[in-house]
Amino acid sequence: DGAGSDEQIQEFKLGPDEELRFEVEGIKGQVTTVIMQEGMAEVFGTEMVRGREYQFGPGTKMAIFTYHGCAVVLKGKTEFAYVAKETPMIMYLNAHAALETMRRAAEADGKRGPIVAVVGPQDVGKSTLCRLLTNYAVRLGRRPIYVDLDVGQGSIAVPGTVGAMLIERPASIESGFIQQAPLAYFFGHTSPQANIPLYNLLVSKLAETVHERMESNRKAKASGAIINTCGWVKAEGYRCITHIAQAFEVDVIMVLDQERLYNELSRDMPPFVKVVFLPKSGGVVERSGSQRHEGRDTRIREYFYGKPPSQTFHPHSFQVKLSDAKIFKIGAPAVPQSCMPLGMKGDETRTKLVSVTATAPALVHRLLAVSFATDETQDEATKTNVAGFVCVTDVDLEKGRMTVLSPQPSPLPKTLLFLSEIQFMDNQ
Ligand code: ATP
């Protein structure tokens with residue numbers, strides 16, 4: 001395919017507190033290899049091993065930071081690669097040190113460690129700061145819970161979910177945190193805006209579960225939690241953030257980049273919540289709408305096939321009888337209060353299950369969540385976590401069957417399936 005055939009080699013020498021930023025060329029099959037040859041360096045808080053080859057797929061944006069200085073070689077085509085002398089890393093390190101002080105105090109008193117929410121507009125490096133803080137905590141022997149509430153670019157399971165997982169080892173430089181028994185709840189849209197009552201309901205449910213998990217694990221309790229949020233910070237988006245703060249009983253809010261948001265939260269949060277302002281890194285790359293879409297596609301492909309270049313997962317493709325599948329959507333369309341039956345509030349219909357009639361356009365290329373819930377009449381069904389996801393690749397109404405791509409072999413469990421708005425074209 002030509003990619004990488006005329007190999008490009010670039011060498012960099014970094015001084016203390018400098019950062020090498022690069023983006024792998026966005027062409028299918030492109031791989032850039034990175035080797036740190038001398039000194040010490042880290043990638044978003046994970047230490048690099050000297051002499052080891054790290055490989056990154058097309059479009060990956062990375063930063064190699066060093067506290068002491070290092071020499072790095074890049075092999076393969078990049079969109080850009082440069083060394084930056086100015087980074088906010090020292091401030092991020094101080095933020096981590098403050099959290100660590102709180103953890104130590106919590107541990108001594110048998111109390112719960114800090115619950116931190118990282119907030120800010122789009123493209124300010126929220127996910128990256130969460131990864132850094134989580135890595136630094138784990139490297140000190142902590143076991144924090146990582147919570148991802150970003151339904152647009154979320155890193156747990158697939159986009160359109162909110163979730164949490166206990167982190168026991170630093171993120172892999174190439175593939176991020178290992179998804180070990182993540183807890184995922186189905187939302188089904190890529191912005192909270194699509195169904196705010198449902199979003200808030202799931203945030204509350206997840207917060208409850210995270211608090212329970214902390215209570216049952218002494219180490220996790222003292223370590224606290226780190227929460228990644230969406231970049232929607234205006235009007236109702238702001239109210240989603242204050243709801244997150246309340247539901248999770250956050251102790252610290254780190255506001256990236258936006259002073260207005262920092263001022264609003266400082267004003268509106270109770271005094272025991274510390275609101276901290278942090279600058280964004282100049283290395284964070286802005287993403288266009290289509291790049292965000294691609295980011296979601298990549299995330300879903302990784303869910304089924306694993307991370308490139310190795311792609312070590314082998315999903316199954318099989319047929320499911322439509323008459324066997326109990327497919328539901330969450331939330332009837334919003335209706336004006338005046339049209340509601342007496343005594344029913346508008347929000348209630350937004351979190352109810354609605355049966356979906358199988359038609360090809362409604363289902364094909366859509367992600368379906370495989371819920372642990374079995375009974376659609378149960379109130380708790382929408383608040384039940386999900387076992388995993390399948391993608392509908394074909395629908396044959398005449399034969400009454402659909403074909404699904406699934407991480408697990410046939411058959412699907414006899415539980416409810418939730419239809420998401422998220423589409424995925426399986427062209428593997
Ligand atoms: P969203 O708006 O989707 O919530 P975000 O605020 O969480 O975005 P990130 O996902 O953390 O932002 O960062 C955006 C991109 O910038 C990512 O691809 C990340 O790898 C890259 N990035 C972050 N920091 C740096 C850096 N210092 N140098 C180079 N790239 C970086």
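Okay, here's what the table says:
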read-out: Cα-only Debye scattering, the stretch 1-69: base-10 log of I(q)/I(0) at q = 0.15, 0.24, 0.28 Å⁻¹; value: -0.50, -1.11, -1.36
read-out: Nearby aspartates and glutamates by direct alpha-carbon distance to residue 307 (threshold 13 angstrom, same-chain neighbours under 8 apart not counted); value: 174, 297
read-out: Global geometry of the stretch 70-128, whether rounded, prolate or oblate, following the gyration tensor of its Cα atoms and the 1.5 cut on a/c; value: prolate
read-out: Note, ³J(HN,Hα) from phi for the stretch 59-72, Karplus 6.51, -1.76, 1.60, rounded to Hz, x at Gly and Pro; value: x, 5, 10, 9, 9, 10, 10, 9, 7, 10, x, 6, 10, 10
read-out: Solvent accessible area, Å² - residue 405, 1.4 Å probe, full protein context; value: 10 Å²
read-out: P(r) histogram, all alpha-carbon pairs of the stretch 1-160 included - 5 Å bins from 0, percent; value: 2, 8, 15, 17, 18, 16, 12, 7, 3, 1, 1, 0, 0
read-out: Cα-derived Rg over Rh, computed across the stretch 182-235 with Rh taken as Kirkwood radius; value: 1.03
read-out: Accessible-area value, residue 116, 1.4 Å probe, nucleic acids and ligands omitted, Å²; value: 0 Å²
read-out: Distance histogram for the stretch 137-187 (every C-alpha pair counted, 10 angstrom bins, percent rounded to whole numbers); value: 28, 52, 20, 1
read-out: Measure of compaction for the chain (Cα Rg per 2.2 N^0.38 Å); value: 1.02
read-out: Per-residue ³J(HN,Hα) for the stretch 82-91, Karplus 6.51 cos²θ - 1.76 cosθ + 1.60, θ = phi - 60°, Hz, x for Gly and Pro; value: 8, 9, 9, 8, 9, 9, x, 4, 5, 5
read-out: Proximal lysines to residue 383, defined as alpha-carbon separation beneath 23 angstrom and excluding residues fewer than eight positions away on the same chain; value: 205, 326, 329, 345, 352, 414
read-out: Anisotropy class of the stretch 112-264 from Cα gyration tensor, a/c 1.5 cut; value: rounded
read-out: Long-range amide H partners of residue 277 with built H, under 5 Å; value: 255
read-out: Net charge, residue 423 excluded, C-beta distance under 11 Å - Lys, Arg +1, Asp, Glu -1; value: -1
read-out: Solvent exposure, largest accessible area first (probe 1.4 Å, DNA, RNA and ligands not counted), of 52, 218, 267, 142; value: 218, 267, 52, 142
read-out: Within the stretch 121-237: Cβ-based charge dipole about Cα centre, in debye rounded to nearest 20 (Lys, Arg +1; Asp, Glu -1); value: 480 debye
read-out: Percent of beta bridges antiparallel (DSSP, the chain, rounded to nearest 5); value: 75 percent
read-out: Cβ-placed point charges (K, R +1; D, E -1), dipole of the chain about Cα centre in debye, nearest 20; value: 760 debye
read-out: Table column - 3J(HN,Hα) (Hz), the stretch 375-387, Karplus curve with 6.51, -1.76, 1.60, x for Gly and Pro; value: 10, 6, 7, 6, 4, 6, 3, 5, 9, 8, 6, 10, 7
read-out: Exposure ranking of 352, 77 by accessible area [1.4 Å probe, largest first]; value: 352, 77
read-out: Reachable lysines, given that their alpha-carbon falls under 25 Å from the alpha-carbon of residue 13 and they are not under 8 places away in the same chain; value: 61, 75, 77, 85, 280
read-out: Area accessible to solvent at residue 354, 1.4 Å probe radius, in Å²; value: 50 Å²
read-out: Helical mean residue ellipticity (222 nm; -39500 (n - 2.57) per DSSP H run of 4+; nearest 500) of the chain; value: -8000 deg cm²/dmol
read-out: Accessible-area ranking of 169, 350, largest first, probe 1.4 Å; value: 169, 350
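The values are calculated or read from the model by the stated rules, or taken from the named source; none is laboratory data. What you see is a predicted model, and the numbers here were worked out from it, not measured in a lab. Every residue, glycine as well, gets a Cβ built from its backbone with ideal geometry; the counts of neighbours run over all protein chains shown. Note: accessible area is taken over every heavy atom of the protein model, side chains too, but ligands, DNA and RNA are not part of it. Shrake-Rupley method; radii C 1.70, N 1.55, O 1.52, S 1.80 Å.
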